[in-house]
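Everything below concerns the one structure shown next.
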Amino acid sequence: MISRDELVRACDTLLDASTFKDYTVNGLQVAGRDAVGRVMSGVTACQALLDEAVAWEADLLLVHHGYFWKNEPIPITGIKQRRIRTLLLNDINLLAYHLPLDAHATLGNNAELARHLGFEVDGCADGEIGKGLVWLGRLPATRSPAALAEHIGESLGRQPLLIEAPGGGDIHRVAWCTGGAQDMITQAWEAGADAFVSGEISERTTHLARELGIHYLAAGHHATERYGVQALGEWLSREFGVEHRFIDIDNPA
């Protein structure tokens with residue numbers, strides 16, 4: 001067992017959470033019991049994940065998508081009330097990290113996605129590794145857009161939506177940012193990438209890809225962000241001896 005406050009401080013420090021300007025609260029969002037022996041992780045603190053945490057008698061729930069987002073309604077009613085009530089009634093801590101977990105140099109979503117897909121990391125288009133969100137790298141060998149899409153689908157268990165840029169050619173230089181980063185495609189193009197991989201796609205993304213001449217692969221918000229929270233949970237297990245379990249709540253989006 002470890003004290004909740006010690007565990008939270010360790011995560012805050014590791015992820016340098018206080019330095020990120022984010023759309024939500026990073027760190028402890030809902031306080032539960034003081035001692036932690038069981039940590040459950042998942043992508044989003046939805047009711048299904050909360051129910052799994054209750055059934056497993058978790059002391060702390062670690063997620064990438066927590067609560068209290070900028071511009072969301074303030075009243076704790078409806079779905080928000082049911083979720084928070086579940087945590088409070090069962091004395092479960094909720095610990096959430098958004099952009100700090102995307103950016104971390106070794107445990108973050110972008111780092112873990114690169115590891116799973118075999119990308120060779122060169123740096124970031126918008127800052128140093130560990131701070132930047134648009135990562136840059138190379139494929140081990142040049143691939144066609146269709147071949148890269150097939151590889152991503154096999155690796156993540158979800159076939160990406162491929163937007164091929166007319167005349168874009170094969171792919172060697174690649175940029176990526178997990179989740180809902182489709183509007184960073186311009187930064188990827190400015191950095192010289194042949195293709196940009198992210199999670200979601202908007203109507204405008206198709207036109208941007210075609211007109212910029214950069215291939216775009218929308219590999220799924222959930223599918224691209226499953227790995228950072230798992231890596232952080234395993235780090236907690238190694239560092240503090242807590243029991244860790246990752247639960248993947250299926251989400252095709």
#### Entry: Members of segment 103-118 found to be of a type outside the set (S, T, N, Q) and not in a helix (DSSP H, G or I), listed by number
104, 105, 107, 108, 118
### Task
Output the residues belonging to segment 191-217 that are among the aliphatic types (A, V, I, L, M) and over 14 Å from the mean Cα position of the chain (by Cα).
191, 193, 195, 201, 208, 209, 212, 214, 217
### Task
Output yes when any residue across segment 70-91 is among the acidic types (Asp, Glu) and more than 13 Å from the chain's Cα centre (by Cα), and no when none is.
yes
### Query
If we keep just the residues of segment 216-246 that are of a type in the set (Ser, Thr, Tyr) and open to solvent by 10 Å² or more (accessible area, probe 1.4 Å), which is nearest to residue 188 (Cα to Cα)?
227
### Task
Could you pull out the residue among 10, 31 that is in contact with a strand residue (DSSP E or B) (Cβ under 7 Å, 6 or more places away or on another chain) and either modelled with pLDDT of 95 or more or of a type outside the set (Ser, Thr, Tyr) (or both)?
31
### Task
Please find, among 192, 241, 220, 228, the residue that is in contact with an Asp or Glu (Cβ under 7 Å, 6 or more places away or on another chain) and in contact (Cβ under 8 Å) with a residue 12 or more places away in the chain.
228
## Note on the structure
Of (1) open to solvent by 20 Å² or more (accessible area, probe 1.4 Å); (2) in a strand (DSSP E or B), residue 123 satisfies every one except (1)
### Task
Could you name every one of the helices (runs of 4 or more DSSP H) located completely within segment 1-102 that has at least 3 residues being open to solvent by less than 10 Å² (accessible area, probe 1.4 Å)?
4-15, 47-56
### Query
What is the number of the single condition among (1) within 22 Å of the chain's Cα centre (by Cα); (2) without any contact (Cβ under 8 Å) to a residue 24 or more places away in the chain that residue 146 does not meet?
(1)
### Message
Please determine whether any residue of segment 126-133 is in a loop (DSSP other than H, G, I, E, B) and either open to solvent by less than 10 Å² (accessible area, probe 1.4 Å) or among the basic types (Lys, Arg) (or both).
### Response
yes
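The values are calculated or read from the model by the stated rules, or taken from the named source; none is laboratory data. Computed from a predicted structure; not experimentally measured. Don't worry about glycine lacking a Cβ; one is built from the backbone with ideal geometry, like all the others, and counts go over all protein chains shown. Surface areas here come from the heavy atoms of the whole protein model, side chains and all, with no ligands, DNA or RNA. Shrake-Rupley method; radii C 1.70, N 1.55, O 1.52, S 1.80 Å.
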